[in-house]
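Everything on this sheet refers to the single structure shown next.
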Amino acid sequence: MSEVTYYTDQLSIDTPEQVDLHFPVAGIGSRFIAILLDSIVQAVAFALLYLLIYLTSAWTAINQGMDHQSDTAQKWLVAAMILIHFVLIWGYFALFEAWWKGQTPGKRVMKLRVLKDSGRSITLFESMARNLIRVVDYLPGMYLTGLITMLCNRKNKRLGDYVAGTIVVHERIDEQPVLDHASRTFTASLAQAPSRSWMPGAKEAWEANETKLPADAIAKLGSGDLHVIETFFGRALDLPVVKREELSARLAQTMSDKMGVPLPEGVQAERILELIVFQMRGQGR
């Protein structure tokens, strides 16, 4: 289980692999600009949709007569406006944060992201919870309640963050190594299996028979081992290069001990882990 430590402007997470991850906590200023940008997007969407509804209502009135329009079309217009308000005010934040892994358009521009307190990506449940409380944070106007709450804690959390167990952080882009074959953010799902792009040389090495681990040795590894390796690849771009190399070497040695075979000489630890995943998945594991 991850151990989380909070500092004045930083979220520090000690992962199960004993690797520290540090995320700068988003301040009030950057979050204000992000929500201002989101409000502009919402306002534009409101304007376009209201224009569409007005034109639809006018077309209905022309084709069905003013009496019918006043009796039926106006009721549909009111219902549509209520639905639009609900979707754009509440659903806008909840759905964007759930689908964009903790980001709205405003947060993406400001390089902000919502995470769980454990450092994991938020799900639809957390997104819905924190945004349902947004109505309370807004009271009595201009997010005054949320602002006061943020000023009263070091994590800059509003009420919605406390209810959902979330925190808003700045994306770390300074420590991410530049790779030719992949580009993933630090919120990549830890349970997501590595794609072929995560194993740039595994298939070629297999086909060329450059490096192949014995099948009976691979058979000694289980689904739990596969999950651990895939968890590492899910976090790889989040880690400083030195810690990434140390962790991959430790995992490779652990797998070597379980398989009962020595590590191939002259092969990088990450390549060994890639080959293990490739061979295990090739066996339908």
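Just to confirm a number: summing +1 for Lys and Arg and -1 for Asp and Glu over residues other than ASP137 whose beta-carbon lies under 10 angstrom from that of ASP137, what do you get?
Every neighbour counted, the sum reads +2.
How many nm separate the modelled label positions at ARG120 and LEU55, each set 7 Å beyond the Cα in the direction of the Cβ?
Reported label-point gap for ARG120 and LEU55 is 4.6 nm.
Ranked highest first by the average count of other Cβ atoms within 10 Å around their residues, in what order do 271-277, 83-89 fall?
In descending order of packing, they fall as 271-277, 83-89.
Along the charge dipole of region 24-170, pointing to its positive end and built from +1/-1 on Cβ of Lys, Arg, Asp and Glu, which listed residue (ILE84, GLY119, ILE40) has its Cα farthest out?
Farthest along the dipole direction, towards plus: GLY119.
Values in this text are rule-based calculations from the coordinates and carry no lab data. Just so it is clear, the structure is predicted and the values come from calculations on it, not from any experiment. Note that we place each Cβ from the backbone using ideal geometry, even for glycine, and neighbour counts take in every protein chain shown.
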